[in-house]
Amino acid sequence: MENIFKDLPLHHLHTGKCLVTKEPTLVSTILGSCVAVTMYAPRMKCGGVCHAFLPSAQGGYPDVPSYHQECRFVDAAIDHLLSGMSRLGARPEELEIKLFGGSASLTLPHQNAVPMGVGDRNIQVARQTLEELGLTVIKADTGGRNGRKLMFLSHTGGVWLKRLGKVPDEHGSYNPPQACNSGFEQGRA
């Protein structure tokens, strides 16, 4: 199989980080209870993605280190991402928004997911923040018990997602990880 991405720079997006770029870039990140929001402006052919791990900057997290990490919190990361896209000339109404992650991946197989665990709260805050900003999610893959590997093409908005690990379903059966394509072949979802 030909590697059609070999000429693109690869950026590994770490937890608590954001990337907004006009340069065609392949961005890779791994999600558990964290969420990633992607924004793509078709007119500008630019995009951005964040990898946030706590729901809200107003949540009061005394045990979280105080070093500066603007994309640590979901609400602040979305604001930062939108500001970066605006600085590149993108208008909010033209943005294609996608949301991923927020799994209960730390739950043991014999346990039920904790009601409103951090993954669920991350999803809830992401959806609420996006709605408050007037932004509509056009594609989402959230929740569940599997972590996810996400690949984002900044210049097309395309996302490739692979669910990670073997996690038993509600009947105790193990299902293989699933890959779902959100637009790489077509250029964008």
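The values are calculated or read from the model by the stated rules, or taken from the named source; none is laboratory data. All values reported here derive from a predicted model rather than from experimental measurement. FYI the Cβ positions are ideal-geometry reconstructions off the backbone, even for glycines, and counts take in every protein chain you see.
Go through segment 126-174 residue by residue and tally those that are hydroxyl-bearing (Ser, Thr, Tyr), assigned to a strand (DSSP E or B) and modelled with pLDDT under 95.
Within segment 126-174, the subset hydroxyl-bearing (Ser, Thr, Tyr) is 129, 136, 142, 154, 156, 173-174.
Going one step further and asking which of them are assigned to a strand (DSSP E or B), we end up with 142, 174.
With the extra rule that they be modelled with pLDDT under 95, the set shrinks to 174.
Of the residues in segment 126-174, 1 are hydroxyl-bearing (Ser, Thr, Tyr), assigned to a strand (DSSP E or B) and modelled with pLDDT under 95.
Please work out if residue 18 is within 22 Å of residue 163 (Cβ to Cβ), modelled with pLDDT of 95 or more, touching a helix residue (DSSP H, G or I) at 6+ places or on another chain (Cβ under 6 Å) and surrounded by 15 or more Cβ atoms within 10 Å (Cβ to Cβ).
no
Please work out if residue 46 is modelled with pLDDT under 95 and either closer than 15 Å to residue 156 by Cβ or buried (at least 16 other Cβ atoms within 10 Å of the Cβ) (or both).
Numbers: modelled with pLDDT under 95: no; either closer than 15 Å to residue 156 by Cβ or buried (at least 16 other Cβ atoms within 10 Å of the Cβ) (or both): yes.
No: the conditions fail for residue 46.
Which residue out of 56, 66, 83 is surrounded by fewer than 21 Cβ atoms within 10 Å (Cβ to Cβ), polar (S, T, N, Q) and modelled with pLDDT of 95 or more?
Of the residues listed, the single one that is surrounded by fewer than 21 Cβ atoms within 10 Å (Cβ to Cβ), polar (S, T, N, Q) and modelled with pLDDT of 95 or more is 83.
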